[in-house]
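Read through the structure below, which is laid out as structure tokens, and then see the notes.
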Amino acid sequence: MSEQKPIIIADNVHKWYGKFHALRGISLTVNLGEVVVLMGPSGSGKSTLIRTFNALEDYQKGKIEIDGITLSHDLRNIEAIRREVGMVFQQFNLFPHLTVIQNITLAPIWVRHLPKVKAKELAIQLLERVGILEQAYKYPGQLSGGQQQRVAIARALAMQPKIMLFDEPTSALDPEMVREVLEVMRSLARDGMTMVVVTHEVGFAREVADRVILMDNGNLVESATPDSFFNNPQEERTRQFLSQIL
Amino acid sequence: MSEQKPIIIADNVHKWYGKFHALRGISLTVNLGEVVVLMGPSGSGKSTLIRTFNALEDYQKGKIEIDGITLSHDLRNIEAIRREVGMVFQQFNLFPHLTVIQNITLAPIWVRHLPKVKAKELAIQLLERVGILEQAYKYPGQLSGGQQQRVAIARALAMQPKIMLFDEPTSALDPEMVREVLEVMRSLARDGMTMVVVTHEVGFAREVADRVILMDNGNLVESATPDSFFNNPQEERTRQFLSQIL
Amino acid sequence: MNWLRKNLFNTWYNSILTVVCLVLLFWIGWGVLSWAIAQAQWEVIGVNLRLFFVGRFPPTLYWRVWIVLAIASTLLALTWGVFFSKQSVNSRRINLFALILCGVLLFLPLDLNTRLWLLIIIILIFAGFWLGRRWSGAIAPWLSLAWLLSFPVIFWLIGGGFGLRPVPTSLWNGLLLTLLMAAVSIVLSFPIGVLLALGRTSNLPIVRWLCILYIEIIRGLPLIGILFFAQVMFPLFLPGEIRLDRVLRAIAGLVFFSAAYMAENVRGGLQAIPRGQVEAAKALGLNASLVVLLIVLPQALRVAIPAIVGQFIGLFKDTSLLSLVGLVELTGIARSILAQPQFLGRYAEVYLFIGLIYWLFCYAMSLAARRLEKQLVN
Amino acid sequence: MHNLKSPLWRDRRYWQILVQLIIAFLVVFLVVILWINLNYNLQKLGIKFGFDFLKQQASFDISETPIAYNPSDTYSRALWVGLINSLRVAIAGIILTTIIGIFAGIARLSDNWLVRNIAGVYVEIFRNTPLLLQLLFWYFAVFLSLPKIENQISVLSLVYISQSGVQFPWFRLSSEFFALLMGLTFYTGAFIAEIVRGGIQSVPKGQWEAARSLGLKPGLVMRLVIFPQALRVIVPPLTSQYLNLTKNSSLAIAVGYPDIYFVASTTFNQTGRAVEAMLLIMLTYLTLSLTISLGMNFFNRMVAIKER
Amino acid sequence: GEVANTGNKSASQATQSRLDTIKSRGQLICGVSGELPGFSFVGTDGKYSGLDVDVCRAIAAALFDNPDAVEYRNLNAKERFTAVQTSEVDVLSRNTTYTLSRDTSVGLEFAPIVFYDGQGVMVRKSSGSKTLADLKDKAICTQTGTTNEQNLADQMRKRGIPYKPLVFEDVNTAYATYAQGRCDAVTSDKSQLISRRTILPKPEDNVILDENLSSEPFAPAVADGDSKWANTVKWVVYSLIKAEELGINSQNVAKLANSNDPEIRRFLGTEGNLGQGMGLPNDFAVRIIKHVGNYGEIYDRNLGAKTKLNFPRGQNQLWTKGGLLFSPPFR
Ligand SMILES: Nc1ncnc2c1ncn2[C@@H]1O[C@H](COP(=O)(O)OP(=O)(O)OP(=O)(O)O)[C@@H](O)[C@H]1O
Ligand SMILES: Nc1ncnc2c1ncn2[C@@H]1O[C@H](COP(=O)(O)OP(=O)(O)OP(=O)(O)O)[C@@H](O)[C@H]1O
Ligand SMILES: [Mg+2]
Ligand SMILES: [Mg+2]
């Protein structure tokens, strides 16, 4: 936060699903090491936005630059960007036919061409970090939701990304498990990872976020420090939104 | 409650599922117009018991008499009894391919051989009673849970049964909807319907029940007025159970 | 008694049904039995047993067929053992099975050589099953490789070459040919089917439409038409010098046909995979082909396995149509046998016999498919 | 998306288009090659592609002619006869096999042990043996075992049954027709039985219980509650069974029933017009398949739409 | 058709003859029915036998001195011509009727006739049918893709007799259907009818009508436009006939090679070089007769009185004995 080096730059990004205008000119800069939390009502375009950061969705107008690489149809750029950006989904999306450790080593082996032994070492290190080393040889189906989500985080980290995107990582979890996952995310933030997080966990946002952003109807409505966002919102729309979730 | 005419008499009823002893000698008498609430931990045999009252399950030992008819393997008795006993399930079990009004008129037309017009009049009357007349021509899938359960009650009532059995009628519902359904049940009780209700709604039991019964492990543990049941339980097992649910 | 009351006579209409069924059963059973004992002449089966199974394969080379059988049954037993390693086995059933096999060995009028080979194969089956269960973890990763390798070996053993005396395809007849053609066709149609399925679900419109066109046209045609096409018209589409062996042409026809169905089965599997799987894989930086290879296909195929086994059963039965285009597989050899002057007119016995063979194989496979399905659900 | 000046070969859209073009080109190339070969080979054989032969005199007779036909008619007339014969057996087969399949499927769930197991044996036998053998079975073991025409069985003096077929007051149907019909019906019926059983079992148990506790008798429960719901699961696979039945009717050739495939292949045999005959067969069956698919889709929408 | 054929002829003359291909392959590929008693079928020992098969064996014997150097292909009535045209088989020896159109427009070249047959009709005695006219409105069984089917249609149309054809893909089916009584008559080549009659439940209850629907001369066939190969087949067949005429059989052929009859000496290649002209060794006839026997032996072995079929030789006797078999001189 001291250096202020921008790593994600979105400039007037528009996206249509057919006729539906999902993103209506989003401009947003995220700096290296910053933790940004996106909030907003359902359907406001939060998922769409962070998925464009990862080239899972394309966009029709504007420009997105990740770590100096412009997102375009260029195949190599897309691959390069995906190598820099890790993503964690609401539904975990672990690969059910692979063990936990295979899930984690898959991308390092096939994309980064690490030798198997190295990849395994890395995976074990990561599993330790997210606190489920003992589950390494189980299949995802045998884990609880919280454990699965932690594996998903480890899997994303295994590519050693510069940026991590989280799309409601805790909303499919039971309350006890939410804590475990948020704990892992907190520790990531402490280690200086750049993170964009879609979540409605106000506690997490207050404590960890450098900036909280409200999206509505495809627009950025308000972007502020957590303190000012929750205690002193500038926009009417934000106040209204907060009154619902608090 | 004044006349004390017994309408359900269960005498030392035993039931086995294969080797598993689900009912271990249940004796219970329900009088005309009485409202009996069954409570007990999961797996204690509540559902099994009321399903034997409706011949949905057979039993191996003992005797059940409903309104003077003994329940046996004889098909004719089974049909006779089912005509006297209505049942409402936890999962509503509405027929998804029929509209609400068709759901309700089905049995009157095919079992009681009412003319269609009559059956429809009856159905409309019942829908009014459960408060969802305006939904008559929708399909169950288009209704909320509470509305569906009210249709299920109306459907059971359409056979003009003497007894209504409810198996956890509200436990699959969201809290707001529970109220609607209990309201309908309350009004039924006020009108003097004999009811056996499996439920964990303490408020309902306190207010409406004539008797509350605790089942555990296939046995009747305690049977008392709501007042004494909740405020002054005699059995240790009851106290333990109440401590969990209150 | 109680059982009878409960299961047969519990209501009046059930009683009537029971009686009607009994009468029907008795009538059919009596007819079949009296025919089988009094009228049928089973000599045609006994004398031609070898023809039914291996046709005109040179008798001096039967050992090669036996080895093939040994390889195939060992692999099958191994696979079976690995797949069901987690289920308990019904040892009574296995004992009974072993007993029946021993009875077959002892009492059927077989020559010593045959008995010896059968004994070896039975031992291999049991050993394979046991090994598969015991070391399922160690064996599992090698199984598909073993199957893959077994194919060329089997072909080498049957067809010869590379040091073995060659046996032309015109001598591969009977059940041997039926099994070979069915197996080869399903194996070959597998990759084609997978490609077609991927093409059909692809977002490239031309590819998608071409695949749809192929799949739907083939599925709209009767197999006999396709086989006729392959057998009679295929040569017309090839340049004059190229001649395809007719067994090969038959296989080509079967593959054309079954690839379209395979594609639909695989597509069923593909559709069962949540979109999130692909997205997660993409987000990890895997490129499109890796996503398909590592994530999508393994899961889709697992879902599709029962359907594929079902398709194999269908194909196995359908090979009988090849007799209509002059191939001497099981049904074809039956027709040849029916032309032996001393056995003219014995069609009932012959067709019943081959019907039984077909049934045994198909039923066994459908049982296996059902257990597999159960296994996969867990 | 942002259009940066990146080299063409690294642009995703470029690759997508290129791959498609290459594949399309390969396919067209293959087709052209095959077509050239075909033309060359046909020319070598002295056959010219074309459908004029359809106007020639067929000069073969057909045993069953629902429309007037004699050997001096044209090939196209003969093919029409074949087509109508195919349609007859396909339509009758679809109707009958549905009935048998539903009965057997329900019987498999019967609480009568004997009925249940007979249905099971039926399904397992008929599903697991080749249709070709079954056709021969029906033809020889059943229909040709009926009494000869001289001592035919008379049912109420209206219907006469003999090994040459069944004579109804207004029309008669041959035993070849029946053998094919029965073969197709029972073979397909065994598959449909399994589909029906699966469909019925897919209806939640609660539906049975709710309907039973309303006092409906088992037969009514099945008819009014279970079956309509099972239909939604049943109809799609049922469609493909109907298609199979129609296609399998081409095995008519084994029992001497003159369907379209039979007539077309006789035509081919007499004229050497392999390609044209094959095209005609393809066209016919594709049309039939398409018609059935469309019809069933419509039906499917009817049973499915009610839900919501 | 003709234009194409000539084009083909010149093309193939420029290239290799099939004879050379076969020689280098070391094996003859012979298309047979495989389902016809007496003509071609698979015996219980797995070996093909029958008259048609022996023709193939004779050719192989002539080429390789080994009658077993043959690969048989079962062909059904419909695909047989395509199989020859596309050179899938070297020779078609499958009781194929020699007709003009097959010789000209179907692209076949026929060898000499190996079996004279006529199409007949078999009926049940009890039916009282004596002539075709008695078969009015009756069901008649036959096999698809054969001249039988067409002849029947022609004959009945000529006489204006309506009837019901029951046409089967498989001959066995056709006869079985007749045996079961579904057909009132079955039509086929008389040889077949006679042999099939013997295995009916009560042979004496069936009669073969005197009428001939057509003459059915069977001959082996090869693809059109390769006269070298066609000649080989042609003269192999003739040598079977000639051998019988000369009284040479498998027993005495070795001895007779040294006979002093110049005709025999020429025929057996002891003298002259008849074989060379064909691209065969001079003793090709010895090879044939040694392994396969002369026509009479072949006939007796497959169709004659000692077989179950018991088909009288009739027209298939040598011309010297009042039959139709005749061989041009070997010189
Ligand atoms: N593939 C798609 N096709 C068409 N419309 C889509 C698609 N994906 C999303 N949308 C629409 O775009 C809008 C924004 O969707 P998005 O998933 O980004 O919302 P969100 O803010 O993440 O909501 P939630 O909190 O429910 O996840 C929604 O109205 C949605 O219906
Ligand atoms: N069809 C069945 N087969 C075997 N066991 C059964 C069956 N139905 C119920 N049981 C067993 O019988 C016991 C009593 O079941 P029952 O459904 O009556 O319990 P319950 O008191 O209604 O529980 P809950 O509150 O969970 O509905 C349970 O242990 C259950 O596992
Ligand atoms: Mg979202
Ligand atoms: Mg319960």
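The values are calculated or read from the model by the stated rules, or taken from the named source; none is laboratory data. Since we're looking at a predicted model, the values are computed, not measured. Quick reminder, even Gly has a Cβ in these numbers, built from the backbone with ideal geometry, and neighbours come from all protein chains shown.
Here's a check for you: in the stretch A:128-157, which residue that is of a type in the set (A, V, I, L, M, F, W, C) and more than 16 Å from residue A:185 (Cβ to Cβ) is surrounded by the fewest Cβ atoms within 10 Å (Cβ to Cβ)? Spell out the reasoning first.
If we filter the stretch A:128-157 for residues that are of a type in the set (A, V, I, L, M, F, W, C), which is where we start, we get A:130, A:132-133, A:136, A:143, A:151-154, A:156-157.
The next check asks that each one be more than 16 Å from residue A:185 (Cβ to Cβ); those that pass are A:133, A:136, A:143.
Working: A:133: 15, A:136: 18, A:143: 18.
If we take residues in the stretch A:128-157 being of a type in the set (A, V, I, L, M, F, W, C) and more than 16 Å from residue A:185 (Cβ to Cβ), then A:133 is surrounded by the fewest Cβ atoms within 10 Å (Cβ to Cβ).
Answer yes or no as to whether residue D:102 is closer than 20 Å to residue D:238 by Cα and within 14 Å of chain C (Cβ to nearest Cβ). Give the steps one after another, and end with the answer.
Details: closer than 20 Å to residue D:238 by Cα: yes; within 14 Å of chain C (Cβ to nearest Cβ): no.
For residue D:102, the condition - closer than 20 Å to residue D:238 by Cα and within 14 Å of chain C (Cβ to nearest Cβ) - is not met.
Only one of A:243, A:223 is in contact with a strand residue (DSSP E or B) (Cβ under 6 Å, 6 or more places away or on another chain) and of a type in the set (Gly, Ala, Ser). Can you tell me which? Full working, then the answer.
Working: A:243 fails: in contact with a strand residue (DSSP E or B) (Cβ under 6 Å, 6 or more places away or on another chain).
Unique residue meeting the criteria: A:223.
Within the stretch C:287-378, which helices (runs of 4 or more DSSP H) (wholly inside it) include 2 or more residues that are at the interface with chain D (Cβ under 9 Å from one of its Cβ atoms) and surrounded by fewer than 19 Cβ atoms within 10 Å (Cβ to Cβ)?
On the way: elements: C:297-318, C:330-337, C:347-377.
Answer list for the stretch C:287-378: C:347-377.
Mind listing just one residue for me: the one in the stretch B:170-191 that is assigned to a loop (DSSP other than H, G, I, E, B) and at pLDDT below 90 and, of those, nearest to ligand 2 (Cβ to nearest atom)?
Applying the first criterion (assigned to a loop (DSSP other than H, G, I, E, B)) to the stretch B:170-191 yields B:170-174, B:191.
If we keep only those that are at pLDDT below 90 too, we end up with B:170-174.
On the way: B:170: 13, B:171: 8, B:172: 11, B:173: 15, B:174: 19 Å.
Across the stretch B:170-191, the extreme among qualifying residues is B:171.
For the stretch A:23-41, enumerate the residues that are away from every other protein chain (no Cβ under 14 Å), within 16 Å of ligand 3 (Cβ to nearest atom) and not β-branched (Val, Ile, Thr).
A:38, A:39, A:40, A:41
So residue A:77 ticks every box in (1) more than 16 Å from ligand 3 (Cβ to nearest atom); (2) polar (S, T, N, Q); (3) more than 10 Å from chain D (Cβ to nearest Cβ); (4) outside any strand (DSSP E or B) but one. Which box is left unticked?
In the conditions (1) more than 16 Å from ligand 3 (Cβ to nearest atom); (2) polar (S, T, N, Q); (3) more than 10 Å from chain D (Cβ to nearest Cβ); (4) outside any strand (DSSP E or B), residue A:77 misses (3) alone.
Of the numbered conditions (1) out of contact with any His (no Cβ under 9 Å at 6 or more places or on another chain); (2) within 16 Å of ligand 4 (Cβ to nearest atom), residue B:168 fails exactly one; give the number of that condition.
Of the numbered conditions (1) out of contact with any His (no Cβ under 9 Å at 6 or more places or on another chain); (2) within 16 Å of ligand 4 (Cβ to nearest atom), the odd one out for residue B:168 is (1).
Among helices (runs of 4 or more DSSP H) lying entirely in the stretch C:164-282, which contain 3 or more residues that are at pLDDT 90 or above?
Values: elements: C:174-201, C:205-220, C:223-228, C:234-237, C:246-271.
Qualifying helices (runs of 4 or more DSSP H): C:174-201, C:205-220, C:223-228, C:246-271.
Scan the stretch A:163-192 and report the pairs whose first residue is more than 14 Å from residue A:90 (Cα to Cα) and whose second residue is of a type in the set (Val, Ile, Thr) and within 16 Å of ligand 4 (Cβ to nearest atom), with Cβ atoms within less than 7 Å and a gap of 6+ or a chain change.
From the stretch A:163-192, no pairs qualify.
Go through the stretch D:252-303 residue by residue and tally those that are touching a Pro at 6+ places or on another chain (Cβ under 9 Å), hydrophobic (A, V, I, L, M, F, W, C) and within 26 Å of residue D:35 (Cα to Cα).
Going through the stretch D:252-303 one residue at a time, the tally reaches 1.
Residue A:45 - would you say it is of a type outside the set (A, V, I, L, M), within 16 Å of ligand 3 (Cβ to nearest atom) and in contact with a Gly (Cβ under 9 Å, 6 or more places away or on another chain)? Lay out the reasoning, then the answer.
On the way: of a type outside the set (A, V, I, L, M): yes; within 16 Å of ligand 3 (Cβ to nearest atom): yes; in contact with a Gly (Cβ under 9 Å, 6 or more places away or on another chain): yes.
For residue A:45, the condition - of a type outside the set (A, V, I, L, M), within 16 Å of ligand 3 (Cβ to nearest atom) and in contact with a Gly (Cβ under 9 Å, 6 or more places away or on another chain) - is met.
State all residues of the stretch B:198-211 that are part of a helix (DSSP H, G or I) and either crowded, with 17+ Cβ neighbours inside 10 Å or within 16 Å of ligand 1 (Cβ to nearest atom) (or both); if no residue qualifies, say none. Please lay out each step first, then the result.
Filtering the stretch B:198-211 for residues part of a helix (DSSP H, G or I) gives B:202-208.
Result: B:202, B:204, B:205, B:208.
Tell me, which residue of the stretch E:133-148 that is surrounded by fewer than 23 Cβ atoms within 10 Å (Cβ to Cβ) and in a helix (DSSP H, G or I) is nearest to the other protein chains (Cβ to nearest Cβ)?
Once the filter is applied, the top-ranked residue is E:147.
Conditions (1) without any contact (Cβ under 8 Å) to a residue 12 or more places away in the chain; (2) part of a helix (DSSP H, G or I); (3) over 23 Å from the mean Cα position of the chain (by Cα), marked per residue:
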{"residue": "C:30", "(1), (2), (3)": "yes, yes, yes"}
{"residue": "C:37", "(1), (2), (3)": "yes, yes, yes"}
{"residue": "C:50", "(1), (2), (3)": "yes, yes, no"}
{"residue": "C:66", "(1), (2), (3)": "no, yes, no"}
{"residue": "C:77", "(1), (2), (3)": "no, yes, no"}
{"residue": "C:92", "(1), (2), (3)": "yes, yes, yes"}
{"residue": "C:96", "(1), (2), (3)": "yes, yes, yes"}
{"residue": "C:122", "(1), (2), (3)": "no, yes, no"}
{"residue": "C:125", "(1), (2), (3)": "no, yes, no"}
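Return only the number of the condition from (1) touching a Pro at 6+ places or on another chain (Cβ under 9 Å); (2) more than 26 Å from residue E:279 (Cβ to Cβ) that residue E:59 does not satisfy.
Just one mismatch for residue E:59, condition (2).
Residue A:43 fails exactly one of the following numbered conditions: (1) among the small types (Gly, Ala, Ser); (2) touching a strand residue (DSSP E or B) at 6+ places or on another chain (Cβ under 6 Å); (3) at positive phi. What is the number of that condition?
Every condition holds for residue A:43 apart from (2).
Is there a residue being buried (at least 22 other Cβ atoms within 10 Å of the Cβ), in contact with a Lys or Arg (Cβ under 6 Å, 6 or more places away or on another chain), among the hydrophobic types (A, V, I, L, M, F, W, C) and farther than 30 Å from residue D:227 by Cβ anywhere in the stretch B:31-44?
Within the stretch B:31-44, one or more residues are buried (at least 22 other Cβ atoms within 10 Å of the Cβ), in contact with a Lys or Arg (Cβ under 6 Å, 6 or more places away or on another chain), among the hydrophobic types (A, V, I, L, M, F, W, C) and farther than 30 Å from residue D:227 by Cβ.
Limited to the stretch E:9-42, what total is found for residues that are at pLDDT below 85 and more than 20 Å from residue E:80 (Cα to Cα)?
The number of residues fulfilling the criteria is 9.
State whether the residues of the stretch C:200-220 include one that is at the interface with chain D (Cβ under 10 Å from one of its Cβ atoms), buried (at least 21 other Cβ atoms within 10 Å of the Cβ) and touching a residue at least 60 places away in the same chain (Cβ under 8 Å).
No, the stretch C:200-220 has no match at all.
Which of the residues belonging to the stretch E:277-327 are closer than 16 Å to residue E:241 by Cβ, within 14 Å of another protein chain (Cβ to nearest Cβ) and polar (S, T, N, Q)?
Result: E:302, single match.
In the list D:232, D:212, D:223, which residue meets the criterion of being within 10 Å of chain B (Cβ to nearest Cβ) and under 23 Å from the mean Cα position of the chain (by Cα)? If you could, list the steps in order and put the result at the bottom.
Values: D:212 fails: under 23 Å from the mean Cα position of the chain (by Cα); D:223 fails: under 23 Å from the mean Cα position of the chain (by Cα).
Checking each option against the conditions leaves just D:232.
Would you list the strands (runs of 3 or more DSSP E) that sit entirely within the stretch E:7-102 and hold 3 or more residues that are in contact (Cβ under 8 Å) with a residue 60 or more places away in the chain? It would help to see each step written out before you state the result.
Working: elements: E:28-32, E:40-42, E:70-74.
Per the criteria, E:28-32.
Check whether at least one residue in the stretch A:56-69 is within 16 Å of ligand 1 (Cβ to nearest atom), touching a residue at least 60 places away in the same chain (Cβ under 8 Å), β-branched (Val, Ile, Thr) and touching a Leu at 6+ places or on another chain (Cβ under 8 Å), and report yes or no.
No, that holds for no residue.
Quick one: in the stretch A:169-197, which of the residues that are buried (at least 20 other Cβ atoms within 10 Å of the Cβ) and within 16 Å of ligand 3 (Cβ to nearest atom) is farthest from residue A:209 (Cα to Cα)?
A:173
Hey, any hits in the stretch E:195-204 for a residue that's hydrophobic (A, V, I, L, M, F, W, C) and not in a loop (DSSP other than H, G, I, E, B)? Give the steps one after another, and end with the answer.
Kept after step one, since they are hydrophobic (A, V, I, L, M, F, W, C), are these residues of the stretch E:195-204: E:199-200.
If we keep only those that are not in a loop (DSSP other than H, G, I, E, B) as well, we get none.
Taking every residue of the stretch E:195-204 in turn, none turns out to be hydrophobic (A, V, I, L, M, F, W, C) and not in a loop (DSSP other than H, G, I, E, B).
Tally time: how many residues in the stretch E:103-132 are of a type in the set (S, T, N, Q) and within 12 Å of another protein chain (Cβ to nearest Cβ)?
So the first thing to find is which residues in the stretch E:103-132 are of a type in the set (S, T, N, Q), and the list is E:104-105, E:119, E:126-127, E:129, E:131.
This time we only want the ones that are within 12 Å of another protein chain (Cβ to nearest Cβ), so: E:104-105, E:126-127.
Residues flagged as of a type in the set (S, T, N, Q) and within 12 Å of another protein chain (Cβ to nearest Cβ) within the stretch E:103-132 amount to 4.
Just the residues that are without any contact (Cβ under 8 Å) to a residue 40 or more places away in the chain and closer than 19 Å to residue B:28 by Cα, please, taken from the stretch B:194-232.
Going through the stretch B:194-232, the residues without any contact (Cβ under 8 Å) to a residue 40 or more places away in the chain turn out to be B:201, B:203, B:206-207, B:222, B:224-225, B:227-232.
Answer for the stretch B:194-232, where residues must be without any contact (Cβ under 8 Å) to a residue 40 or more places away in the chain and closer than 19 Å to residue B:28 by Cα: B:222, B:224, B:225, B:228, B:229.
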